[in-house]
Amino acid sequence: MARFITLRLMHTILILFGVSIVAFGLIHLIPGNPLDILLPPEAPKEVVERLKVEFGFDKPLYVQYFAWLIRVVHGNLGTSVFTGLQVTGELLSALGNTFILAVPAAVLGFSLGTLFGTLAAFNYGRWLDKVFSVITILGLSMPHYWLGIAMVIVFAVLWPVLPAAGMGPSGGIPASWEDLKFLILPVITLSMIPMGVIGRMVRSTVLEILSQEFPNALHAKGLRRRRVIWHVLKNAAPPALAVMGLQLGYLMGGSILVETVYNWPGSGQFMNLAIFRRDIPVLQGTVLVLASFFVFINLLVDIAQALIDPRIRR
C-alpha cells in the first residue's frame, strides 16, 4: 500500500506541474490586455509602460511563468489588476463560501443518488425502477440556471417562504435558521446533477454485479438479504467513488451559473467577475487552485478505492 501511495503522489506532483503550465498558458490566450480596462485610451504611454513593468507584463512569457510559479510555491498568487488586493486572500474567502454551499450539496446529492440507484437496481423492471430512473434523468437533464430561476420564482416570489439570494445575516457558516434558509434553494439546485450522475452510475453498476454468479451463491449459502446487499454495494463502491470524486471536484469548483442566480459570493462568481474584468492574476490563481482540488480529490479517491479493493493496488 505504501508503494501504491508513493507512486500516486509522484504522479500527482507531475500532474500539478502540468496544470500550472496549462493554467498560466491558456489565460494568456484570452484576447485583450487587462490594463485596457484600468486605463483610458488616451492614457500616456509612460503610464502604460510603468504599469506593465509593475505587473510584469513586459517580460517574456517563460520568465513570467517561472516568476509566477515561484510565487505560487510560496503561497503568493499575485495581486489583482482590478482591485489591487492579494489574490490569495480574496480566493480563500470565495472558496470558504463555496465550501459552505458545496458540502451539503454533495452530501444530499450523493446520498440520494446512491439510494435511488440502489433501489432502482434491486427493483429492476418494476415501477420503483421507472420512478427513480426518471428522477435521476431529470437531475441530469435540467440546466442548473433554469432550475435555480424556477425555484426562485416558485419559492421566493409566488410562494415567498424562502429568500431568493444572498448568504444570510451572518455572511458565513450558518448559525441559525435565518442563515439556513438561504442555503436551501442553492443546495437543492446544486445537488441535482450529482444526484443524477451518481444514481445512474450506481444503478448500472449494481445491475452488472447482480447479473454475476456470486450474489446467487451468497443467497444459496443462506446469507440474509441485508448481508448480500452489503457485499453487492461493497463491490459497486470503487466505480461509484471515482464518479463521486469528480462530482465533488465540480462542486468545490463552484457553479458559476448557480452562484450567479443566487448571488452567492463563492469561487464560481469570483471567477465570473475575473473573466469579465480580464483580471489575469485572479484567473490564473483561481484556475490553478480549482484544478488542484480536482487532482487532490482524485488522489484521495484512488487511495480509498485501493483500500476497498486490493486488486487496484497491483
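When 138, 128, 147, 185 are checked against the criterion of being hydrophobic (A, V, I, L, M, F, W, C) and over 19 Å from residue 105 (Cβ atoms), a single residue qualifies: 128. Is segment 284-303 home to any residue that is charged (D, E, K, R), in a helix (DSSP H, G or I) and either at pLDDT 80 or above or farther than 19 Å from residue 19 by Cβ (or both)? No, there is no match, as no residue in segment 284-303 is charged (D, E, K, R), in a helix (DSSP H, G or I) and either at pLDDT 80 or above or farther than 19 Å from residue 19 by Cβ (or both).
For segment 48-76, the set of residues classified as surrounded by 12 or more Cβ atoms within 10 Å (Cβ to Cβ), among the β-branched types (Val, Ile, Thr) and under 20 Å from residue 25 (Cβ atoms) consists of 72 only. Applying a threshold of 7 Å to beta carbon distances and a minimum spacing of six or more residues, or different chains, the list of pairs starting in segment 77-98 at a residue that is surrounded by 15 or more Cβ atoms within 10 Å (Cβ to Cβ) and ending at one that is charged (D, E, K, R) reads 78/71; 80/90; 80/279; 81/279; 82/277; 82/279. Annotation note: Cβ proximity below 8 Å between a residue of segment 2-30 that is loosely packed, with under 14 Cβ neighbours inside 10 Å and a residue that is at pLDDT below 85 and not in a helix (DSSP H, G or I) (sequence gap 6+ or interchain) occurs for 30/278.
With 34, 41 as the choices, which residue is loosely packed, with under 12 Cβ neighbours inside 10 Å and modelled with pLDDT under 80? Break it down into steps so the answer makes sense when it comes.
Numbers: 34 fails: loosely packed, with under 12 Cβ neighbours inside 10 Å.
Sole residue among the options that is loosely packed, with under 12 Cβ neighbours inside 10 Å and modelled with pLDDT under 80: 41.
How about segment 145-164: which of its residues are of a type in the set (A, V, I, L, M, F, W, C), more than 25 Å from residue 248 (Cα to Cα) and not in a helix (DSSP H, G or I)? It would help to see each step written out before you state the result.
The first filter runs over segment 145-164 and keeps only residues of a type in the set (A, V, I, L, M, F, W, C), leaving 146-147, 149-159, 161-162, 164.
Imposing the further condition that a residue be more than 25 Å from residue 248 (Cα to Cα) reduces the set to 153-159, 161-162.
Listed by number, the residues that qualify are 159, 161, 162.
Taking the criterion of being crowded, with 17+ Cβ neighbours inside 10 Å and hydrophobic (A, V, I, L, M, F, W, C), the residues of segment 136-161 that qualify are 147, 151, 152, 155. Here is a check on your reading of the model: is residue 188 in contact with a helix residue (DSSP H, G or I) (Cβ under 8 Å, 6 or more places away or on another chain) and either closer than 18 Å to residue 261 by Cβ or small (Gly, Ala, Ser) (or both)? Yes. Of all residues in segment 99-132, exactly one satisfies the criterion of being surrounded by fewer than 18 Cβ atoms within 10 Å (Cβ to Cβ), of a type in the set (Ser, Thr, Tyr) and part of a helix (DSSP H, G or I), namely 111.
The values are calculated or read from the model by the stated rules, or taken from the named source; none is laboratory data. Here the structure is a predicted model, which means the values were calculated and not measured. We place every Cβ from the backbone using ideal geometry, glycine too, and count neighbours over all the protein chains shown.
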